[in-house]
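Participant: Dropping the structure in here first, questions after.
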Amino acid sequence: VVNLNKCATQTFSLMHQPIIPNLSFSGTMLENVDSFTYLGTVFDSKLSWRNHVAFVAERVIRRLPILKRLAGTLLGCARSTLALTYQKYIPPIFTYCSEPLISISALNHYHAVLATLTA
């Protein structure tokens, strides 16, 4: 069973005017999108990862007030409790699907060095 409300197509291309195919399933045209979230990873049509970084940052920012509340209560939490809560609650967001971001960072550094050498 396929839920056509959740189906979409996405074209990955570095061209300014990418070729977008018209795809259909069971006679229903599928929507073409520029950005799509799959298993917590945001893919955009240029594979720039900017949308994914913004998505991760937003999720972390939404979780920080909980730590602030635990630390700011009248009696407060023990430092070890705060540290454990942080370790279990924040880093998994950063580390999930971080490999593409590392490779993109290295590639951007390579292009910056190459631009400096050829200038």
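The values are calculated or read from the model by the stated rules, or taken from the named source; none is laboratory data. Everything numeric here is computed off the predicted structure, so don't read it as measured data. Here Cβ is always computed from backbone atoms with ideal geometry, including for glycine, and neighbour counts include all displayed protein chains.
Participant: Residues in region 67-90 that are within 30 Å of Y38 (Cα to Cα) and either surrounded by 13 or more Cβ atoms within 10 Å (Cβ to Cβ) or at pLDDT below 85 (or both): how many?
Facilitator: The total comes to 5.
Participant: Out of all the residues in region 92-101, which are part of a helix (DSSP H, G or I) and surrounded by 12 or more Cβ atoms within 10 Å (Cβ to Cβ)?
Facilitator: Result: I93, F94, P100, L101.
Participant: Sticking with this one: Filter region 1-52 down to residues that are over 30 Å from P92 (Cα atoms) and of a type in the set (D, E, K, R), then give me how many there are.
Facilitator: Summing the residues that are over 30 Å from P92 (Cα atoms) and of a type in the set (D, E, K, R) in region 1-52 gives 1.
Participant: Mind checking which residues of region 55-95 are touching a residue at least 12 places away in the same chain (Cβ under 8 Å) and either touching an Asp or Glu at 6+ places or on another chain (Cβ under 7 Å) or closer than 30 Å to Q10 by Cβ (or both)?
Facilitator: F55, V56, R59, V60, R63, I90, I93, F94
Participant: Scan region 27-38 residue by residue and report those that are in contact (Cβ under 8 Å) with a residue 24 or more places away in the chain and not in a strand (DSSP E or B).
Facilitator: L30, V33, D34
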